[in-house]
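The values are calculated or read from the model by the stated rules, or taken from the named source; none is laboratory data. Keep in mind it's a predicted model, so treat the numbers as computed, not measured. Cβ sites come from the backbone with ideal geometry, for glycine too, and all protein chains shown count toward neighbours. Heads up: the accessible areas ignore ligands, DNA and RNA and are worked out on the full protein's heavy atoms, side chains in. Shrake-Rupley method; radii C 1.70, N 1.55, O 1.52, S 1.80 Å.
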Amino acid sequence: MEDNKFFKLVWRINGLIILGGATLIALFVVYNIAKDFIRSSNRPQPVVVENLASDPEDKDKWVIGSPIHVTGNDFMLLPLVSENKEVKMLSVANFSKPSYDKRYYGNLSKNILFLDKKENKSFWLFKDTNRLILNITLFPDQFNNVEPTKAIFYNVVSKDTNKDKKLTKEDDSSLFMSTPEGENYQLILEAYDRLISRDIVGDNQILLVFQNKGKAFSRLIQLLPYKIISSVELPKVENS
């Protein structure tokens, strides 16, 4: 009889310990959720700019993205960023296929302002906001190289490839290039699945290696004046 009372007491104590532990865990989880909610609600919202692009339906809520400083000259790039991560499909001509180049600068943007810091003059890369710029890459890569920028690459969506009547990051994209000053904007790759490498050849050429539809290619490009010198499919290994 005494043994039963003892075991009941032990079970009750164990139950209280388990209940107390579960309560502490629950309180800890609730505290962290509430802390994150309060932190996010108190985070300052970006100030919307109204003078750079029209927003008649109050959907885009334009802001200026993080500046990109071009190495070797006085230009700075200011992406025009929108809270609306899509573009209604208009009569915009362009091309296809996704990129796996992951060197992103900030959020998706819909135009880029080139600002000459020395002269305090600026211009837009495009005359409208009818395309989606997935990423902007300085070449050579400014994080791994101190050489002056020789070209700027843009991964751009401007064709409704999934037929949902809007441009989003789910659509296929194409690769474009310009000079470091935002001039001579040119299509480089109309369609590609993966961009493998970009390499400087001499002082005025770039060699791209890429994949498209299960095949590998190399393309040699002259920068100034812009010209595709050659584009060849890489050879297969021949079994003996």
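Order 207-213, 58-64 from most to least packed using the mean count of other Cβ atoms within 10 Å.
Values: 207-213: 17.0, 58-64: 15.1.
Listed from highest to lowest mean packing, they are 207-213, 58-64.
If packing is taken as the average number of other Cβ atoms within 10 Å across a peptide's residues, how do 79-86, 225-232, 124-131 rank, most packed first?
Working: 79-86: 19.0, 225-232: 11.2, 124-131: 16.5.
The peptides rank, most packed first, as 79-86, 124-131, 225-232.
Would you mind getting the accessible area per residue of segment 157-240, heavy atoms of the protein chains only, 1.4 Å probe, in Å²? All intermediate terms of the calculation are to be shown ahead of the outcome.
Working: 4880 Å² over 84 residues.
That works out to 58 Å² for each residue.
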| Inter-site label distance for N120 and I33 at 7 Å from Cα along Cβ, in nm | 5.3 nm
| Label-point separation, I17 to V209 (7 Å along Cα→Cβ), nm | 6.2 nm
